[in-house]
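> Below is a structure I'd like to ask you about.
FYI, it's all coordinate maths here, none of it is from the lab. Source: prediction; values computed, not measured. Cβ placement follows ideal geometry from the backbone for every residue including glycine, while neighbour counts extend to all protein chains displayed.
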Amino acid sequence: MTEHNPLTLDEQDLETLSRQLGRPVRDVVEIGARCVCGNPLVATTAPRLGNGIPFPTTYYLTHPVITAAVSRLEAAGVMSEMSTRLHEDPRLAERYRQAHGAYLAARSAIGERSGIGPVPEIDGVSAGGMPTRVKCLHVLVGHSLAAGRGVNPLGDEALDAIAEWWTPEQCRCDGAWSTDAPVPERDLSRHTKTQGLAPEDLDRKRAERRSAGTGGTDAHCSH
C-alpha cells in the first residue's frame, strides 16, 4: 500500500484553507504542516504566483487559532524583544541566519517540485525579517511548523509561548472556522488591489501607503 504524502494537497484541503482564511486560496502547491486531525495548519505557497509576481513568503500560517495566538504575541511586543536579542546574542543570531538559509533552500526545492523553477527576483530574500530582525511572527511560526523543531529558533520560541492556546498534540479545529457557509469565492482583502500589477506599479502603491501613514508589512502579517 502506498503511504499518503502529507505534503500533497487535494480539493478538500483547498476548501478548508479558503474557509480558514475567509477568502479563496490561490497558488498553494503543498500543505506545509497539518493538525493531528489532518486539517491544514500551514499552506505552502508557490515562489512565483500565477500572475507572475514573485512571492517570498513560502509558509503561510492559516489555522485561525494559531494565527490569533501569534497575533497576541506580536501585540505584546515580542517581535521587538526578539530583534533586540538578535543584536545582543551572537549565537542566537547565527542560528537565525541558518534558519534564513534553510528557508531559502526549502523554497528552492518547492519551486523545483512544483515545476516553477528558480525565481531570481527573490534570490537571498526569505521572509519574516530574516536574517537580521523579526517583523512577522506568523512567518516564523509557519516555518517552524513546516520544517520541524530545531530549524528556526525564534519560531520555536513563539510556538512555546502560545502553548496556552494551541499545542501540536491537541486538535483545536472544532469551531475555529465556519463549515456551514459556502466556501469563499471572492477575495475582499486589500491585496486583490495589487494582484497582477507590474513591479513599478507595486512600488508606487507601496509608496502611496507609506506617505499616507499606513506603512508596509510582510504579506503574511495582514491577519
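> For the residues 156, 89, 27, 174, what sequence is obtained by ranking on other C-beta atoms within 10 Å, fewest first?
Values: 156 21, 89 13, 27 18, 174 9.
Neighbour counts put them in this order, fewest first: 174, 89, 27, 156.
> In nm, to one decimal, how far is the modelled label at residue 121 from the one at residue 71, with both set 7 Å along Cα→Cβ?
2.9 nm
> So what is the relative contact order for segment 11-186, in percent, with contacts set as C-alpha pairs under 8 Å and at least six apart? Numbers along the way, then the final one.
Working: 264 pairs, mean separation 51.3, N = 176.
Relative contact order here is 29 percent.
> Based on the Cβ-Cβ distance from residue 132 to residue 36, what FRET efficiency comes out when R0 is 30 Å, to the nearest 0.05? Walk me through the intermediate numbers first.
Numbers: r = 35 Å, r/R0 = 1.15.
So the FRET efficiency works out to roughly 0.30.
> Then there's this: For segment 82-121, what is the Kirkwood estimate of the hydrodynamic radius, computed as the reciprocal of the mean inverse distance between distinct Cα atoms, to one decimal in Å? Intermediate values should be presented prior to the final figure.
Details: mean 1/r = 0.0863 Å⁻¹.
Averaging 1/r across every pair of different Cα atoms and inverting gives 11.6 Å.
> Let me ask something else. Mind listing the phi-derived Karplus ³J(HN,Hα) values for segment 59-73, rounded to whole Hz, using 6.51, -1.76 and 1.60 with θ = phi - 60°, and x for any glycine or proline?
9, 10, 5, 10, 5, x, 5, 6, 4, 5, 5, 5, 4, 4, 5
> Using θ = phi - 60° and the Karplus form 6.51 cos²θ - 1.76 cosθ + 1.60, what ³J(HN,Hα) does each residue of segment 108-119 get, whole Hz, x for Gly and Pro?
Calculated HN-Hα couplings, in order: 4, 5, 5, x, 5, 4, 8, x, 7, x, x, 10 Hz.
> Taking H placed 1.01 Å from N in the peptide plane, check which residues at least 5 places from residue 30 or on another chain put their amide H under 5 Å from its amide H.
44
> Find the percent of Cα-Cα distances in segment 11-186 that exceed 28 Å, and round it to a whole number.
On the way: 3487 of 15400 pairs.
Roughly 23 percent, rounded to a whole number.
> With a 10 Å Cβ neighbour count serving as the proxy for reagent exposure, in which order, fewest first, do 71, 144 appear?
Details: 71 15, 144 27.
Taking fewest neighbouring Cβ atoms as first place, the list is 71, 144.
> While we're here: Evaluate the distance, in nm, between pseudo-label points positioned 7 Å from the Cα of residue 112 and of residue 97 along their respective Cα→Cβ axes.
Inter-label distance under the simple model: 2.5 nm.
> Please sort 147-153, 175-181 by packing, taking for each peptide the average over its residues of neighbouring beta carbons within 10 angstrom, highest first.
Numbers: 147-153: 17.6, 175-181: 12.1.
The peptides rank, most packed first, as 147-153, 175-181.
> Also: Quick one: what are the phi-derived ³J(HN,Hα) couplings along segment 148-156, Karplus 6.51/-1.76/1.60 with θ = phi - 60°, whole Hz, x for glycine and proline?
Along segment 148-156, the couplings run x, 4, x, 9, 10, x, 7, x, 5 Hz.
> Within 12 Å, Cβ to Cβ, of residue 147, how many net charges do the neighbouring residues add up to if Lys/Arg are +1 and Asp/Glu are -1?
Working: positive: 107, 149; negative: 156.
Once positives and negatives cancel, what remains is +1.
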